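Chemist: Take this structure, written in structure tokens, and hold onto it; I'll ask about it next.
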Amino acid sequence: MSDNSTQQEQQPARGFEALKAHVIANKIDSALWASRVLTILFAVGYVIPLFGNAQSAYYKIFMANAMTSALRLHQRMPRIAFTREYLSLLLMEDSCHYLFFSLIYLYVAPVILIPIPIVLFAILHSASYSLTLLDTLGQNSWWGARLLISLVEFQTRNILRLAAFSEIFLMPLVIILVFLGRAGIMTPFIYYHFLVLRYSSRRNPYTRNMFYELRIATEAVANNPRAPAMVRKILHGGVRFVSRLAPPTQPAQQ
């Protein structure tokens, strides 16, 4: 009995030692996981302000996401070079897009809908790496957390589609915020360039696909015989206007 109890006590210790070794060997990946978890915690702190000021937690969401984006760029980008090629490569990175996103909304009044895309990405990416961390502790550890991670991974496609829809929906929202005096007059123009980058993303086609799905849905409503002529005209005009603003794209990369 004493031997069995000693082994059971040693197993968690070995698991934590393995976790510590993994974190030391994968410092940037571990820091990315930590910054994403912070993004989620600050979002919870904004919605449920049990610990500190809600407005402070709101802006910390964007600061944590900016840290995530900067670390990811450090991983993916070559050594800094002040060349047109380097800038072009930088603007093709999704992490660069969301670094811009964080900087844009650091100067806009708090609105609960704005952080949705970055929180969804934080949930998705932190879940996948959480599984890696749990595996270092042992295959049977933290079964409840593993179940939650499985649910997140099962909903990956829906999470990505919701994040893309949120990106698009924020464009009309930020225009409304300008008229309400809660955003600067240049914010919609800067955010439009963010949407152009997301539409042209090489690795994540979901924003581009969501624009297409919204166009199909809008045209279906406009072409409905029951739709009033004025509504039909406005919807078709809106589709043509947005289509003219869409940039040329390249096939998405894996």
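Chemist: Every residue in region 105-123 that is in a helix (DSSP H, G or I) and either open to solvent by 20 Å² or more (accessible area, probe 1.4 Å) or touching a strand residue (DSSP E or B) at 6+ places or on another chain (Cβ under 8 Å) (or both), please. Talk me through it step by step, then tell me what you get.
Modeler: First, the residues of region 105-123 that are in a helix (DSSP H, G or I): 105, 116-123.
Within region 105-123, 116, 119, 120, 121, 123 meet the criteria.
Chemist: Within region 188-202, work out how many residues are free of Cβ contacts under 8 Å to residues at least 60 places away in the same chain, among the aromatic types (Phe, Trp, Tyr) and surrounded by 18 or more Cβ atoms within 10 Å (Cβ to Cβ).
Modeler: Residues in region 188-202 being free of Cβ contacts under 8 Å to residues at least 60 places away in the same chain, among the aromatic types (Phe, Trp, Tyr) and surrounded by 18 or more Cβ atoms within 10 Å (Cβ to Cβ): 1 in total.
Chemist: Quick check, is residue 66 small (Gly, Ala, Ser), in contact (Cβ under 8 Å) with a residue 12 or more places away in the chain and part of a helix (DSSP H, G or I)? Give the derivation first.
Modeler: Working: small (Gly, Ala, Ser): yes; in contact (Cβ under 8 Å) with a residue 12 or more places away in the chain: yes; part of a helix (DSSP H, G or I): yes.
For residue 66, the condition - small (Gly, Ala, Ser), in contact (Cβ under 8 Å) with a residue 12 or more places away in the chain and part of a helix (DSSP H, G or I) - is met.
Chemist: Output the residues belonging to region 131-163 that are in a helix (DSSP H, G or I), open to solvent by 40 Å² or more (accessible area, probe 1.4 Å) and farther than 26 Å from residue 20 by Cβ.
Modeler: Listed by number, the residues that qualify are 151, 154, 156, 157, 158, 161, 162.
Chemist: Next question. Return yes when residue 43 is surrounded by fewer than 16 Cβ atoms within 10 Å (Cβ to Cβ) and part of a helix (DSSP H, G or I) and no when it is not. Step through it out loud before you land on a result.
Modeler: On the way: surrounded by fewer than 16 Cβ atoms within 10 Å (Cβ to Cβ): no; part of a helix (DSSP H, G or I): yes.
Criteria not met by residue 43.
Chemist: Hey, another quick one. Taking only region 12-63 into account, find how many residues are acidic (Asp, Glu) and touching a residue at least 40 places away in the same chain (Cβ under 8 Å).
Modeler: Result for region 12-63: 1.
Chemist: Of the numbered conditions (1) hydrophobic (A, V, I, L, M, F, W, C); (2) in contact with a helix residue (DSSP H, G or I) (Cβ under 8 Å, 6 or more places away or on another chain); (3) more than 19 Å from residue 29 (Cα to Cα); (4) in contact (Cβ under 8 Å) with a residue 12 or more places away in the chain, residue 142 fails exactly one; give the number of that condition.
Modeler: Against the list (1) hydrophobic (A, V, I, L, M, F, W, C); (2) in contact with a helix residue (DSSP H, G or I) (Cβ under 8 Å, 6 or more places away or on another chain); (3) more than 19 Å from residue 29 (Cα to Cα); (4) in contact (Cβ under 8 Å) with a residue 12 or more places away in the chain, residue 142 comes up short only on (4).
Chemist: Based on what the data block shows, is residue 166 in a helix (DSSP H, G or I), within 16 Å of the chain's Cα centre (by Cα) and under 23 Å from residue 201 (Cα atoms)?
Modeler: On the way: in a helix (DSSP H, G or I): yes; within 16 Å of the chain's Cα centre (by Cα): yes; under 23 Å from residue 201 (Cα atoms): yes.
Against the criterion (in a helix (DSSP H, G or I), within 16 Å of the chain's Cα centre (by Cα) and under 23 Å from residue 201 (Cα atoms)), residue 166 qualifies.
Chemist: Sticking with this structure for a sec: Quick one: is residue 220 in a helix (DSSP H, G or I), surrounded by 15 or more Cβ atoms within 10 Å (Cβ to Cβ) and small (Gly, Ala, Ser)? Lay out the reasoning, then the answer.
Modeler: Working: in a helix (DSSP H, G or I): yes; surrounded by 15 or more Cβ atoms within 10 Å (Cβ to Cβ): no; small (Gly, Ala, Ser): yes.
Criteria not met by residue 220.
The values are calculated or read from the model by the stated rules, or taken from the named source; none is laboratory data. Note that the coordinates shown come from a computational prediction; the quantities given were computed from them, not determined experimentally. Neighbour counts are summed over all protein chains in view; Cβ atoms, including those assigned to glycine, are modelled from backbone coordinates with ideal geometry. What goes into the accessible areas is simple: the full protein's heavy atoms, side chains included, and nothing from ligands, DNA or RNA. Shrake-Rupley method; radii C 1.70, N 1.55, O 1.52, S 1.80 Å.
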